[in-house]
Amino acid sequence: MNMFVLKLIQNIYKFRTIMNKISKIFTILFFFYFNSHAYSETIGKIIIEGNDRISDETISMFADVKLNDNIDNEKLNSILKNLYDSNFFDNVSVSFDKNDLIINVIESPIIEQITFTGVKSKTMKKELFKILKLKSRSSFNETMLSNDRSAIIGYLKNIGYYFAKVETFVEKSENKLVNIDHKIEIGNKSKIKKISFIGNIIYKSSKLRSLIVSEEYKFWKFISGRKYLNQQTIKFDEALIKNFYLNKGYYDVEVNTSFAKLINDEEFELIFNINPKNKVFFNNLSLTLPDDFSESNFNNLRKLFIEVKGEPYSINIVNKILEEIDKITLNEEYKSISASVSESIYDDKFDINFEVKETEKIFVERINIFGNNITRESVIRNQLEIDEGDPFNEILQKKSENNLNSLNFFKNVSSEIIDGNESNSKIININVKEKPTGEIMAGAGVGTSGGTILFGVKENNYLGKGLSVDANATFTSETFKGQLKVNNPNYKNSDKSLFTSIEATEIDRLKKNGYKTNKTGFEIGTRFEYYDDFNLGLSTRSFYEKIHTDSTASSRQQSQEGNYWDTFIKFNFDYDKRNQKFKTDDGFRSSYNLDLPIVSDTYTLTNTYNYKYYTSLYDNNITSLSLFVQSANSINNKDVKLSERLFLPSNKLRGFEAGKVGPKDGDDFIGGNFATSINFNTTLPLIFDNVQNLDASLFVDVANIWGVDYDSSIDDSDKVRSSIGIGIDWFSVIGPINFSLSESISKANSDVTESFRFNIGTTF
């Protein structure tokens with residue numbers, strides 16, 4: 001059967017369907033018009049005609065009618081409507097004669113099979129079947145079929161197939177069975193060629209582009225799905241942009257519905273329209289408390305009010321204040337409280353009052369969880385700040401939602417609070433919509449210091465247990481590292497993570513340093529939040545290592561050739577007060593690591609401290625100051641192993657070639673026992689203010705590496721290295737490119753400088 005005949009049959013069927021609908025409408029109007037003056041009668045008998053599959057009892061149930069019911073015009077119309085609403089009938093007529101109710105029906109065909117032609121992906125077919133209202137073995141309905149077709153088109157657009165075409169064919173047989181075929185021409189995914197921002201955007205487009213999830217299409221991003229149009233992602237991007245402006249003082253910012261402009265057959269320009277309006281600043285911040293609340297408990301909060309006065313409005317600060325109120329009230333055992341916010345703006349002044357109220361004690365009767373087809377219910381309940389039997393607290397309930405969103409397991413999390421069986425109880429219904437939690441990561445880079453290749457796969461919700469399973473491998477010109485790590489973020493409901501990993505590392509520095517090492521081992525440990533933003537970590541690490549040296553190595557280096565077995569206890573203390581993890585522009589992070597040898601051939605004790613402070617000196621600027629200190633020393637007077645000696649990371653001392661700074665033994669750079677650096681970095685947004693995809697920064701690095709435990713004659717302690725330079729990040733058509741041009745200010749004679757450095761590549 002050719003396409004013309006199929007189209008003709010389809011059009012005839014559609015015409016018949018339209019006529020059926022018209023018939024239904026006229027039938028209903030008939031009863032409204034001709035029976036408007038009928039008298040009420042009692043049904044003595046129900047006669048049902050025309051049904052083959054559906055029983056008389058079922059039809060009576062659908063019609064909501066039984067013997068001895070009073071029948072009038074309104075009842076007849078109700079019967080007719082109920083039967084049509086069941087979607088089991090193509091046509092229905094109802095009449096009343098001599099106390100007999102006569103119902104005549106024409107049953108809808110039964111759907112035998114639904115197919116998708118043109119779709120090869122089993123995963124996509126599975127998702128398409130999920131969104132259909134019509135199912136196999138259900139009654140056929142033309143309206144629902146039309147809705148299904150619209151849903152298919154919507155789903156395909158949502159995942160990036162904006163040019164997909166859908167034709168639906170219905171094949172009827174004489175035995176009242178129908179087959180439905182959705183013929184799909186899926187086409188290519190719609191690529192985002194360009195991302196633009198219009199309106200009074202204030203900030204550079206490159207800055208705004210770095211905030212959102214959607215990405216411009218580049219040929220090297222062959223794995224990333226972010227380069228395709230996705231309606232859900234775009235809505236999320238709008239929220240990210242709005243949140244950014246809300247934290248920069250723009251209280252009344254509008255991010256209008258973004259739209260996509262077609263550039264060519266398969267590429268779009270994604271456009272965001274931004275209207276930030278006027279910038280406002282915190283002015284008067286006040287707190288209203290119940291009479292029985294102690295004012296002294298809120299002194300720290302009032303100090304915060306003074307600190308932020310005059311600062312640009314920030315939604316994060318408002319939320320922080322609400323969290324502090326919550327902590328104080330809960331610590332003081334004020335369980336039944338609510339916090340409300342009243343705001344007023346005049347000129348550029350923003351006044352805000354936080355009012356805390358005591359409420360009637362209401363308890364949580366039950367918590368129901370819906371929508372978790374993969375994620376185990378226990379994983380979700382472990383994230384809740386409130387439990388069944390606890391006093392209901394709206395603030396804690398909102399925090400529970402935030403906790404679930406932070407898992408990154410769900411597309412959407414929502415709660416519904418309904419009345420319980422008792423007057424003082426509530427039932428919480430939590431609805432989640434799961435999303436894929438697997439990730440694939442790949443990357444490549446090349447620069448003056450060599451090349452890097454990495455690959456990894458990760459599952460963040462393994463078997464629905466909330467487990468993270470991560471496997472990755474990294475290759476450089478002199479190193480290979482492979483790792484498999486499993487992490488349970490809430491082991492046995494303890495709010496403590498339990499992780500384990502196995503890894504293998506090979507470092508080949510024969511040409512540069514005269515040695516080569518192979519290391520294999522495992523680690524098991526735990527990590528938890530001890531106090532707000534303060535995390536503790538404890539783990540044990542055990543490694544087997546083989547060191548090989550060549551003839552160019554010194555005699556003391558050659559003496560370390562052999563096999564080693566080392567077991568460490570690792571302690572980690574981390575205090576993180578950054579305002580955001582990515583593109584941080586305020587706050588600080590301080591961390592300390594201690595590797596304590598327990599069973600070892602060399603017993604090397606390693607200490608590492610990192611501190612980094614962030615601030616913004618002006619709009620679009622990010623300035624940071626960081627401190628790095630590290631030491632490695634044997635606690636039994638043995639030499640520190642070659643593989644455990646310290647080298648400055650390349651980002652701690654720019655302007656010098658990585659690994660070629662510090663003490664030397666002959667021609668080999670051997671690293672040191674001590675290393676430290678101070679780094680200053682500030683972005684220069686005004687340099688490329690009108691140039692997209694180009695950012696510049698000024699940096700100053702001061703560092704030193706010294707100490708040789710096996711030979712006191714080698715000393716580099718007084719040779720402080722320093723450099724100044726400019727870095728440029730360019731998101732080019734061939735990938736992101738980083739340039740740095742630096743000049744050493746001070747150095748040792750043996751150091752190898754590197755004034756120019758570049759890297760090409762990215763992870764995706």
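Just so it is clear, none of the values below were taken in a lab; they were calculated from the coordinates. Just so you know, these numbers come straight off a predicted model, no measurement behind them. Methodologically, a virtual Cβ is constructed for each residue, glycine included, from the backbone with ideal geometry; neighbour enumeration extends over all protein chains shown.
Fewest to most neighbouring Cβ within 10 Å: what's the order for Asp709, Asp292?
Working: Asp709 17, Asp292 7.
Neighbour counts put them in this order, fewest first: Asp292, Asp709.
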Could you give the angle, 0 to 90 degrees to the nearest 10, between helix 299-308's Cα long axis and the longest principal axis of the Cα atoms of the chain? 80 degrees
Between Lys511 and Asn299, what is the FRET efficiency for a Förster distance of 45 Å, r being their Cβ-Cβ separation, to the nearest 0.05? 0.10
Taking the alpha-carbon distance from Lys458 and a cut-off under 18 Å, which aspartates and glutamates remain once sequence neighbours fewer than 8 residues away in the same chain are dropped? Glu434, Glu439, Asp470, Glu503
In whole angstrom, note down how far apart the Cα centers of the range 126-203 and the range 601-675 are. 56 Å
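What do you get for trypsin sites (Lys or Arg not before Pro) in the range 515-589 restricted to DSSP loop and a cutoff of at most 11 other Cβ within 10 Å of the site's Cβ? Write down the numbers at each step before the final one.
Numbers: sites: Lys516, Lys519, Arg527, Arg541, Lys546, Arg556, Lys570, Lys577, Arg578, Lys581, Lys583, Arg589; in loops: Lys577, Arg578, Lys581, Lys583.
Hits after loop and neighbour filter: Lys581.
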To the nearest 10 degrees, how steeply does helix 315-331 sit against the main Cα axis of the chain, on a 0 to 90 scale? 90 degrees
Rounded to whole Hz and in sequence order, give me ³J(HN,Hα) for the range 609-616 from the Karplus expression 6.51 cos²θ - 1.76 cosθ + 1.60, θ = phi - 60°, writing x for Gly and Pro. 10, 10, 9, 9, 10, 10, 8, 10
Overall form of the chain per C-alpha gyration tensor (a/c, 1.5; a/b vs b/c): prolate
Return a whole-number percent for the relative contact order of the chain, with Cα pairs under 8 Å and 6 or more residues apart as the contact set. 6 percent
Taking the range 281-358, how many lysine pairs are there with alpha carbons less than 15 Å apart, if each pair must be eight or more places apart or span two chains? 6
When the Karplus curve 6.51 cos²θ - 1.76 cosθ + 1.60 is applied with θ = phi - 60°, which whole-Hz ³J(HN,Hα) does each residue of the range 154-162 get, with x for Gly and Pro? x, 5, 5, 5, 4, 9, x, 8, 6
Can you work out the Karplus-derived ³J(HN,Hα) for every residue in the range 618-625? Use 6.51 cos²θ - 1.76 cosθ + 1.60 with θ = phi - 60°, whole Hz, and x for glycine or proline. 6, 4, 6, 9, 10, 10, 9, 10
What percent does the relative contact order of the range 160-313 come to when contacts are Cα pairs within less than 8 Å and at least six residues apart? 22 percent
Once amide H atoms are placed 1.01 Å from N in the peptide plane, what residues at a sequence separation of 5 or more from Thr753, or on another chain, have their amide H within under 5 Å of its amide H? Glu657
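Using packing as a proxy for protection, rank 175-182, 411-418, 190-197 so that the peptide with the highest average count of other Cβ atoms within 10 Å comes first. Each step should come with its number before you reach the end.
Values: 175-182: 16.4, 411-418: 14.0, 190-197: 19.8.
Ranked from most to least packed, the peptides come out as 190-197, 175-182, 411-418.
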Using 0.36 nm times the number of residues separating Lys45 and Ser210, minus their current alpha carbon distance, what extension gain do you get? 52.1 nm
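Report the full-extension gain for the segment Leu322 to Lys638: residue separation times 0.36 nm, less the Cα-Cα distance, to one decimal in nm.
Numbers: separation 316, 0.36 × 316 = 113.76 nm, distance 5.48 nm.
Stretched fully, the Leu322-Lys638 segment lengthens by 108.3 nm.
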Most exposed first, judged by fewest Cβ atoms within 10 angstrom, Ile306, Ile315, Ile71 run Ile306, Ile315, Ile71
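Identify the GluC sites (Glu not before Pro) of the range 268-358 meeting these criteria: DSSP loop state and at most 15 other C-beta atoms within 10 Å of the C-beta. Walk me through the intermediate numbers first.
On the way: sites: Glu269, Glu295, Glu307, Glu323, Glu324, Glu332, Glu333, Glu343, Glu355, Glu358; in loops: Glu332, Glu333.
Those that pass, being in a loop and sparsely packed, are Glu332, Glu333.
As a check on your grasp of the helix formula, calculate [θ] at 222 nm for the chain: sum -39500 (n - 2.57) over DSSP H runs of n ≥ 4, divide by the residue count, round to the nearest 500.
Values: 13 runs with 156 residues, N = 764.
The per-residue figure over the chain is -6500 deg cm²/dmol.
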Arrange the following residues from fewest to most other Cβ atoms within 10 Å of their Cβ: Lys279, Lys204, Lys511. Lys511, Lys279, Lys204
